[in-house]
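The values are calculated or read from the model by the stated rules, or taken from the named source; none is laboratory data. Given the structure is predicted, the values throughout are model-derived calculations rather than measurements. Cβ coordinates were reconstructed from backbone atoms using ideal geometry, including for glycine residues, and neighbour counts include every protein chain displayed. Just the protein is used for accessible areas: all its heavy atoms, side chains included, with ligands, DNA and RNA removed. Shrake-Rupley method; radii C 1.70, N 1.55, O 1.52, S 1.80 Å.
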Amino acid sequence: MPPLPPEERDERQTALVAAAGAELGVYTTLVRSTDVFADLLPLGQRLLQKSTLEDSVRELLILRVAWRCRAPYVWSHHEVIGRSAGLTDDDIAALATDSTASQDATRALLLDAADDLVADHRLSDRTWQGLSDPYATEQLIEICLLVGLYAMLAGTLNSLGVALEDGQQPPTWA
């Protein structure tokens with residue numbers, strides 16, 4: 001599905017894309033479903049811009065979801081965001097493997113959380129227990145919502161065939 005060109009947008013669609021902050025394919029395509037996009041945008045912005053999680057943790061989770069869901073659009077954008085949040089080449093490469101092993105036990109549990117939620121749509125008791133020490137209940141809920149939102153977004157963008165922006169590189173696994 002192609003993005004909705006500016007000249008075909010009504011006033012509300014134009015305002016929503018402006019509120020999203022950029023002329024990106026994700027926004028200009030999803031705005032075709034104006035009411036749903038209007039309701040989705042505040043949640044996405046809340047989880048991305050006002051997260052109670054560290055930026056690197058948020059991006060670690062989003063990138064893991066993008067890889068698990070084989071979502072090149074999400075990966076290509078969040079690889080850049082993840083690097084600006086402090087993720088290294090090694091961090092990013094490790095996200096695109098089946099392993100959740102890490103010298104950092106919390107990091108391994110975060111990857112387990114993303115894997116649990118994508119595969120089983122629930123955190124395992126082990127993952128919940130492990131994450132309940134470093135994260136407050138509110139943050140555990142946020143982790144579930146963040147992973148759920150990005151899994152939904154990945155499936156939608158994959159289904160709609162939203163193309164990468166000019167200059168964006170597809171991930172090596174795509």
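Within segment 133-149, residues that are closer than 13 Å to A114 by Cβ reach no partner that is of a type in the set (D, E) and open to solvent by 80 Å² or more (accessible area, probe 1.4 Å) with beta carbons closer than 9 Å at six or more positions or on different chains.
Candidates are the residues of segment 150-173 that are touching a residue at least 12 places away in the same chain (Cβ under 8 Å) and exposed (fewer than 14 other Cβ atoms within 10 Å of the Cβ); the one that is nearest to the chain's Cα centre (by Cα) is G155. Name the residues in segment 122-143 that are farther than 13 Å from E54 by Cβ and β-branched (V, I, T), would you? If the condition is that a residue be farther than 13 Å from E54 by Cβ and β-branched (V, I, T), then T127, T137, I141 are the ones that fit.
Condition (residue is surrounded by 13 or more Cβ atoms within 10 Å (Cβ to Cβ) and part of a loop (DSSP other than H, G, I, E, B)) applied to segment 112-121: is it met by at least one residue? Walk me through how you get there before you give the answer.
Going through segment 112-121, the residues surrounded by 13 or more Cβ atoms within 10 Å (Cβ to Cβ) turn out to be 112-118.
With part of a loop (DSSP other than H, G, I, E, B) added as a condition, the list becomes none.
Looking for residues that are surrounded by 13 or more Cβ atoms within 10 Å (Cβ to Cβ) and part of a loop (DSSP other than H, G, I, E, B), one finds none in segment 112-121, hence no.
What residue, among those in segment 63-91 that are open to solvent by less than 10 Å² (accessible area, probe 1.4 Å) and β-branched (V, I, T), is farthest from L146 (Cα to Cα)? Selected residue: V74. Which one is most open to solvent (accessible area, probe 1.4 Å) among residues in segment 96-111 that are in contact (Cβ under 8 Å) with a residue 40 or more places away in the chain and not in a loop (DSSP other than H, G, I, E, B)? The extreme case among them is R107. The sole residue among L30, L53, L43 that is in contact (Cβ under 8 Å) with a residue 60 or more places away in the chain, surrounded by fewer than 14 Cβ atoms within 10 Å (Cβ to Cβ) and aliphatic (A, V, I, L, M) is L43. Taking the numbered list (1) crowded, with 20+ Cβ neighbours inside 10 Å; (2) farther than 21 Å from L164 by Cβ; (3) in contact with a Lys or Arg (Cβ under 9 Å, 6 or more places away or on another chain); (4) not polar (S, T, N, Q) in turn, R58 passes all entries but (3). When you look at Q168, is it in contact with a His (Cβ under 8 Å, 6 or more places away or on another chain) and among the polar types (S, T, N, Q), yes or no? Here the answer is yes, as Q168 does meet what is asked. All conditions but one from (1) in contact (Cβ under 8 Å) with a residue 40 or more places away in the chain; (2) open to solvent by 30 Å² or more (accessible area, probe 1.4 Å) apply to R126; the one that does not is (1).
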